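S.K.: First, the structure itself, so that you have it in front of you.
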């Protein structure tokens, strides 16, 4: 998103500086993707530690929505935390850098060729993109996942997620999660309601990302209605489907937010590179930002180290 348009977001970028510093510059996509693929193929130990279901694909798994899993069949918090984490990547803008982009902003802006190279690496290396219902079933019941699962998520409703990310993911048979900030719908450089519905109709998942990216830790009173309840209902009207997954703006959360999200029908919520809550791990599922500085090799290394 345009950071100057949302001063709060610009001010909070420093808060997200939990990722390791990276000074790599944009590299040749083919070379980097091939190198990363070779490295991953040789790493049999990593594959052995990843939850798998043989050669099953995401489409072949019969994981229902959270509503289909009886409460008595869901694992307790300790069991959920003990399960190996699935790599979850978070993307924002997908466009080439400009002279106006600050050094910090470039973490959130991934050049087009770099994004395509990262997706090529994931595909060539045998990763399978999963969706939140599959992750929920795995965490709560131990349901099998495809080999080398990864979840791809996109925040803030940027138009390039539709025009660039969508066809790139389609090329590789990947589906993703789009966390929508509803204040942006229909504005220049952001997705329209029709485009959000199309993503949903094509099998992607639409999640809530508040009305205007206000920090959840600062909510009081009516904020829960303005930022969570109303945007969620709007997204449900657009897609015709229940919206039950949420991503915290800036990845920031507090204990007070969890019961409020539960009351408003959220089955799980996603943070960034912070520790999970020991009592409610489903509402503090970790992601990492896929930095604009990262080559495919660096992305893979970060996935292995972070998850």
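S.K.: Do the conditions hold for residue 211, that is, is it surrounded by fewer than 20 Cβ atoms within 10 Å (Cβ to Cβ), touching a helix residue (DSSP H, G or I) at 6+ places or on another chain (Cβ under 6 Å) and touching a residue at least 24 places away in the same chain (Cβ under 8 Å)?
M.R.: no
S.K.: I'd like to verify a number: residues in the stretch 214-240 that are out of contact with any helix residue (DSSP H, G or I) (no Cβ under 6 Å at 6 or more places or on another chain), closer than 24 Å to residue 129 by Cα and in a helix (DSSP H, G or I), how many?
M.R.: Adding up the residues that qualify gives 2.
S.K.: Can you name every residue in the stretch 168-197 that is surrounded by 15 or more Cβ atoms within 10 Å (Cβ to Cβ) and without any contact (Cβ under 8 Å) to a residue 24 or more places away in the chain?
M.R.: 192
Conditions (1) under 16 Å from residue 83 (Cβ atoms); (2) over 16 Å from the mean Cα position of the chain (by Cα); (3) modelled with pLDDT of 95 or more; (4) crowded, with 20+ Cβ neighbours inside 10 Å, marked per residue:
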site	(1), (2), (3), (4)
274	no, no, no, no
280	yes, yes, yes, no
283	yes, no, yes, yes
289	no, no, yes, yes
292	no, no, yes, yes
295	no, yes, yes, yes
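S.K.: Which count do you get for residues in the stretch 115-136 that are out of contact with any strand residue (DSSP E or B) (no Cβ under 8 Å at 6 or more places or on another chain) and under 13 Å from residue 85 (Cα atoms)?
M.R.: Going through the stretch 115-136 one residue at a time, the tally reaches 0.
S.K.: Within the stretch 68-86, can one find any residue that is touching a residue at least 60 places away in the same chain (Cβ under 8 Å) and touching a strand residue (DSSP E or B) at 6+ places or on another chain (Cβ under 6 Å)?
M.R.: Scanning the stretch 68-86 turns up at least one residue that is touching a residue at least 60 places away in the same chain (Cβ under 8 Å) and touching a strand residue (DSSP E or B) at 6+ places or on another chain (Cβ under 6 Å).
The values are calculated or read from the model by the stated rules, or taken from the named source; none is laboratory data. Not measured: the values here are computed from a predicted model. Cβ atoms come from the backbone with ideal geometry, glycine included; neighbour counts cover every protein chain shown.
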